[in-house]
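What follows is calculated from the coordinates using simple rules that are stated; it is not laboratory data. Note that the structure is a prediction, hence the values are computed from the model and not measured. Counting neighbours? That spans all protein chains shown, and the Cβs are built from the backbone with ideal geometry, glycine included.
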Amino acid sequence: KAKEKGGNTFEMYHPEMNMRSLYRLNMEIELRKAVEREQFMVYYQPLVELSTGKIFGMESLVRWKHPEWGMVSPGEFIPLAEETGLILQLGNWVLQQACNQNAKWIAMGLPPLCVSVNISVKQFMQSGFVQLIEDTLRLSGLPSNLLCLEITESVAMNNVSYIQDMLDKLRQIGVQISIDDFGTGYSSLSYLKRFRVHTLKIDQSFIRDVTTDEDNAAIVTALIAMSQQLKIKSLAEGVETLEQLQFLRDRGCNEIQGYIFSTPLPADQFETMIAENKVLYPH
Ligand code: C2E
Ligand code: MG
Ligand code: MG
Ligand code: MG
């Protein structure tokens, strides 16, 4: 009977499917090895206060240092790390690195900056997450107000009163909370005030053509105005041009992140930049 349907009955032997699942399996094996061997680097990108041009913080961004493939960007492996649960170990490693590095820079006498760490939903929802944050802060010696956790709107898809309770606890500890990639998720706007986050990061997809696309201009304008009303700071991601910067400044956006100031840098290069304690000018 199967033969009557022709050769394509055996879908699991479809060469393209096979290649894809083999590729994925290989990636997973490689990623598991890398997590065990800690073959990653944390890069840092400056966060700049728009009114002064001063660096007030940095976002930690992980890179996979593969022995043969070279540097792999997070877009290529974070989704797999999330699917496989490896994000728990990897995310914890990044958190430790970022806190230790920031504490070290402060001990060196560099101007105190706030380090932002991306926290995936799985990580945030794992039991004992608040304790993990407290332990990491204590072990690193980093003051809690110099750590910011970046969570996405998808966190709000979970039990809202549980999330609110966690955010309250984190606020009591003194860490900052940002909503990352704002505008790309599904959260209700009412959560914004209820969760009392510190910063709203406007996703770079709205910023990219903000000076040429009327719809994006309207969205960004509205998001900045809404943040002001809610007394939440606004940060624009992915700012690359002077025109974008001008647009955001005219509308009272508080903070900027983007290649216009700097790409993410390895720790030693970032250190050199902040040691000069300069005001960053767009370039
Ligand atoms: P994100 O948290 O929204 O980080 C900002 C991304 O925008 C970074 O990409 C950064 O390099 C990029 N970017 C910054 N300025 C500009 C600009 O002016 N133009 C353009 N085109 N891009 C800019 P990256 O480093 O590739 O990271 C991508 C995403 O991977 C991050 O987006 C974040 O969602 C995730 N990610 C990175 N590190 C971690 C981590 O340690 N843990 C978790 N859970 N996710 C991470
Ligand atoms: Mg982020
Ligand atoms: Mg972002
Ligand atoms: Mg983003």
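Assorted remarks:
- Exposure proxy ranking, count of Cβ atoms within 10 Å, fewest first, for ASP180, ASP268, ASP213, ASP250: ASP268, ASP250, ASP213, ASP180
- With Cα atoms as the point set, the radius of gyration and Dmax of segment 107-184 evaluate to 13.1, 42 Å.
- Degrees, to the nearest 10: 214-230 long Cα axis against longest axis of the chain: 60
- Selection from GLN257, VAL160, GLN228, by position along the positive dipole direction of the chain (Cβ): VAL160
- Solution diffusion estimate, µm²/s, Stokes-Einstein, segment 67-150, Kirkwood Rh from C-alpha pairs, 20 °C, viscosity 1.002 mPa s: 155
- Between LYS122 and GLN246, the simple label model (points 7 Å from Cα in the Cβ direction) yields a spacing of 4.5 nm.
- Computed with the Debye formula from one identical point scatterer per Cα of segment 159-283, without solvent, the log10 of I(q)/I(0) at q = 0.12, 0.15, 0.17, 0.23 Å⁻¹ comes to -0.53, -0.79, -0.95, -1.29.
- Summing Cβ point charges (Lys, Arg +1; Asp, Glu -1) relative to the Cα centre of the chain gives a dipole of roughly 640 debye.
- For TYR186 and ALA275, the difference between the fully extended length at 0.36 nm per residue and the C-alpha to C-alpha distance is 28.0 nm.
- Sorting GLU255, GLU243 from the fewest to the most surrounding beta carbons within 10 angstrom yields GLU243, GLU255.
- Spin-label model distance (nm) - ASN92 vs GLN229, 7 Å beyond Cα toward Cβ: 4.3
- Selection from GLY85, GLY75, SER127 lying farthest towards where the dipole of segment 68-135 points positive, charges on Cβ: SER127
- Coordinate range along principal axes, alpha carbons of segment 11-133, Å, largest first: 60, 32, 28
- Helix-derived mean residue ellipticity, 222 nm - over the chain, DSSP H n ≥ 4, -39500 (n - 2.57), to 500: -14000 deg cm²/dmol
- Whole-Å distance, taken between Cα centres, linking segment 219-250 and segment 97-154: 25
- Across the chain, the relative contact order, built from alpha-carbon pairs under 8 Å that are at least six residues apart, equals 18 percent.
- Here the chain yields Rg over Rh of 1.03, to two decimals, using C-alpha coordinates and the Kirkwood radius.
- Distance between modelled label sites at MET41 and ILE106, nm, 7 Å Cα→Cβ extension: 2.6
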